[in-house]
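The structure appears below as structure tokens.
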Amino acid sequence: MSSHAPHHARVIPFRPVPTTPPAGREPLWRDVVGDVLRRERTTQGRTLKDVAEAARISVPYLSEVERGRKEASSEVLAAAARSLGLGLGDVLSLAQDELAHRSTPSRTASARRPMGEVRLAA
């Protein structure tokens, strides 16, 4: 008769996704854009399914974009924006405002001067 110790599986938990960037690190654009899309969708009381169908993208993909897990193309962002009754420029402007509020403060006064508006070409 042999005595064997019971086997235990080693559990490695997933790292939680931070809602804010670690100190000293700039937030990622995909996180900011995803937060804007989610906030607009929930403000309108709409489901992921409803917005994804209107945008003609998959529900899992839209979910990944909202969570900052996927870097969406401009076409996907424009489609998601349209499905929310917004233009691509609206989403990007909201994301720029959000980014300005989240960004790590600069250490030098010269780096703090306003940068002006952001223009993106499609």
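The values are calculated or read from the model by the stated rules, or taken from the named source; none is laboratory data. From a predicted model like this one, the values you see are computed outputs, not experimental measurements. Ideal geometry is used to build each Cβ from the backbone, glycine not excepted, and the neighbour counts take in all protein chains shown.
Being of a type in the set (A, V, I, L, M), closer than 20 Å to residue 102 by Cα and touching a residue at least 40 places away in the same chain (Cβ under 8 Å), is that true of even one residue in region 54-69?
no
Run residue 97 past the list (1) of a type in the set (D, E, K, R); (2) at pLDDT below 95; (3) part of a loop (DSSP other than H, G, I, E, B) and report the number of the one that doesn't hold.
Failed condition: (3).
Conditions (1) at pLDDT 95 or above; (2) surrounded by fewer than 12 Cβ atoms within 10 Å (Cβ to Cβ); (3) over 15 Å from the mean Cα position of the chain (by Cα), marked per residue:
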| position | (1), (2), (3) |
| --- | --- |
| 7 | no, yes, yes |
| 51 | yes, no, yes |
| 67 | yes, no, no |
| 85 | yes, yes, yes |
| 105 | no, yes, yes |
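For region 56-65, name all the residues that are surrounded by fewer than 20 Cβ atoms within 10 Å (Cβ to Cβ) and hydrophobic (A, V, I, L, M, F, W, C).
Within region 56-65, 57, 59 meet the criteria.
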